[in-house]
Structure formats: C-alpha cells, structure tokens
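Asker: Sharing a structure below in structure tokens format, with a few things to ask.
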Amino acid sequence: MKKEHKKLSKLEVLKRIIFITIGSVLMGVALELFLVPFEIIDGGVAGISIMLAYLTPLPLSVYLFILNLPFLLLGYKQLGKTFAISTLYGIAVMSATTAALHHVAAFPEDKLLAVLFGGLILGTGVGLVIRYGGSLDGIEIVSILISKKLRVAVGQVIMLFNVVIFIISGFVFADWTSAMYSMFTYYIVIKVIDIVVEGLDESKSVTIISKEHDEISQTIMDRLGRGTTLLQARGGYSGDETQVIYCVVSRLELAKLKGIVQSIDAGAFIAVEHVSDVMGGNFSKKSIH
C-alpha cells in the first residue's frame, strides 16, 4: 500500500514562505545593487539573464522570470509539486525585487567590495531558498536530471555550465577582468551556500572499534555528555563477535573524544566522517557536571 505524503503544517508553510522570501529578496539586492552595475555575473540562468539584459532593452527581471519557467516545468515533473511551487514563488519575488531596484544606484563604488559583499549576500539568499525547499536557478534542476542520466556528479554539471557562461560573458562585455571577477564571485557564493545550507555548527560522526567498547562508551557519555550507540558486528577476518561504538560530536569535541578513546585503548580503530546536518533523536549535549 502506497504511503500517503504527509502535508506540511501551517507553521512549517509559514516558515518556508518567510525564509524563501528573504532569500529571494537578498538575491535580487545582490544582483541589482552589487553585481550587475559592475558587469559581474552570477552563474546559471541569472548569468544568462544579465547578459541578455545588457544586449537588449528588456530589464533583467523579465529574463529572470521567463528563462526559468521551462526549467520550472521540468522541476514539477521530476522533483514534485511542493518544490515547483516554492521555486516559482522564489523566482517571482526575486524578479520583482530586481524590477523594483532597477533604477537604484549601485551600493558600493569599489568593484572588489561589490564582489565580496555581492557574493556574500547572493550566497546567503540562494542558500536560504535551497534550505527551505526551493531553487532560484533552472540550471540546477537541469543539472540534477543530467547527472541521473549520465551518472555524473551534479556539482560537475553545474560547474561545466557556468564555466561556459563565464567565458561567453568575457566576449559579451568585452572585458575579461569582469569575467574573472565573476568566477571569483561564484566561488564565494558556493562557499556561503554550503554554510547556510549545512550550518556553521559542523558535526562529526565517529565510529570506534575496540574490545573496551563498554568502558569507552560510558566514558564518552560521562566526560562529553554525548549519547552513544552500540552496534553488533563481526570481524570479517577473525570472525569474532564485537560491538562498534557510533556517536556524533561537534567539531570542537572531536580532539577530546580521540583522547578519551586512546587513553583507554591505544590500538582502537577510529573513523571520522563529516555530518552535514543532524536531525531527530536527542543530539543536545547533556550536562557533564
């Protein structure tokens, strides 16, 4: 029996609307007040729209909305109704913001400042929209579909599209310095998106294999205040039954955790992995005093 899709609560819908609105407005501000006046482009559909607005009488807002519509249809078919509605709303707000700011003068006078702050604001805006279930660029949707067909990483497909767009921009604006600034801006945007989507409080998952699993597990709970999980396991070579300790700690607690394990069993196996997000369970730190 097919499980029915659980609808978002009114509070979740309101939260999504608020943050997608903020993110879309931020992207519009970054484009019109920081990047476009200095002929610096973003990647994807936004970059194509900026070049078309430069070459034709139509404003940027028109291209941002029209060029994203075909990709939005693809997103509706492949990624679902909620995603498509969130994306359509975000694109509409972004387009309206750029239209409202079209005749406003650039905020900074220095090109480097425009790159730095424009990239920061743009990355924050796009990151918020992605985090709350939408997208502001159709190239991302196409890249997801291409990656499924060709079995290539989404990031590589997006990068390929954007490299081509940045090269074209050098010819359109007849200024390769702006094209290089655009690439630098894009790098800042990607890094900021990662921070917004994944969060600053980076976590690490740790897997520990040791004969002293009970003592290590209890010491981690006592001295770090973090919960642990014991997983039943069997050695592939020895065939011996054992238990594996699994826990999630903050980046700052990792060194202390390693010290705890090695003080109890210097030969323990420790594997550490990056965790993008932690949801559910009880990840909150318990008092150790």
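Asker: Do you know which residues across the stretch 70-103 are without any contact (Cβ under 8 Å) to a residue 24 or more places away in the chain, within 22 Å of the chain's Cα centre (by Cα) and assigned to a helix (DSSP H, G or I)?
Answerer: Those that are without any contact (Cβ under 8 Å) to a residue 24 or more places away in the chain, within 22 Å of the chain's Cα centre (by Cα) and assigned to a helix (DSSP H, G or I): TYR76, LYS81, ALA84, ILE85, LEU88.
Asker: Please specify each residue of the stretch 224-258 satisfying the condition of being under 27 Å from GLU198 (Cα atoms) and more than 32 Å from the chain's Cα centre (by Cα).
Answerer: Within the stretch 224-258, none qualify.
Asker: When you look at VAL249, is it under 30 Å from GLY133 (Cβ atoms) and outside any loop (DSSP other than H, G, I, E, B), yes or no?
Answerer: Yes: the conditions hold for VAL249.
Asker: Restricting the first residue to the stretch 202-225 and requiring it to be part of a loop (DSSP other than H, G, I, E, B), which pairs with a second residue that is open to solvent by less than 40 Å² (accessible area, probe 1.4 Å) and of a type in the set (Gly, Ala, Ser) meet a Cβ separation below 6 Å and a spacing of at least six or different chains?
Answerer: Taking only residues 6 or more apart or on different chains, the pairs are SER210/ALA268.
Asker: State which residue is nearest to GLU39 (Cα to Cα) when the search covers only the stretch 105-154 and only residues that are of a type in the set (Gly, Ala, Ser) and free of Cβ contacts under 8 Å to residues at least 40 places away in the same chain.
Answerer: Here the answer is SER143.
Asker: Please work out which one of (1) farther than 29 Å from LEU160 by Cβ; (2) surrounded by fewer than 18 Cβ atoms within 10 Å (Cβ to Cβ) is the condition LEU101 fails and give its number.
Answerer: (2)
Asker: In addition: For residues that are of a type in the set (Asp, Glu), closer than 14 Å to SER210 by Cα and open to solvent by less than 90 Å² (accessible area, probe 1.4 Å), tally how many sit in the stretch 225-278.
Answerer: We begin by selecting, within the stretch 225-278, every residue of a type in the set (Asp, Glu); these are 240-241, 253, 265, 273, 277.
Cutting the leftovers down to closer than 14 Å to SER210 by Cα gives us 240-241, 265.
Next, only the ones that are open to solvent by less than 90 Å² (accessible area, probe 1.4 Å) stay: 265.
Number satisfying all stated conditions: 1.
Asker: Scan the stretch 21-69 for residues that are part of a loop (DSSP other than H, G, I, E, B) and either in contact with a Leu (Cβ under 8 Å, 6 or more places away or on another chain) or open to solvent by less than 10 Å² (accessible area, probe 1.4 Å) (or both) and report the count. Before the answer, list the steps.
Answerer: So the first thing to find is which residues in the stretch 21-69 are part of a loop (DSSP other than H, G, I, E, B), and the list is 39-43, 56-59.
Add one more test, that the residue is either in contact with a Leu (Cβ under 8 Å, 6 or more places away or on another chain) or open to solvent by less than 10 Å² (accessible area, probe 1.4 Å) (or both), and what stays is 40-43, 58.
Total meeting the criteria: 5.
The values are calculated or read from the model by the stated rules, or taken from the named source; none is laboratory data. Note that the structure is a prediction, hence the values are computed from the model and not measured. When we count neighbours, we look across all protein chains shown, and the Cβ atoms used for this are built from the backbone with ideal geometry, even at glycine. These area figures cover heavy atoms from the full protein model, side chains too; ligands, DNA and RNA do not enter into them. Shrake-Rupley method; radii C 1.70, N 1.55, O 1.52, S 1.80 Å.
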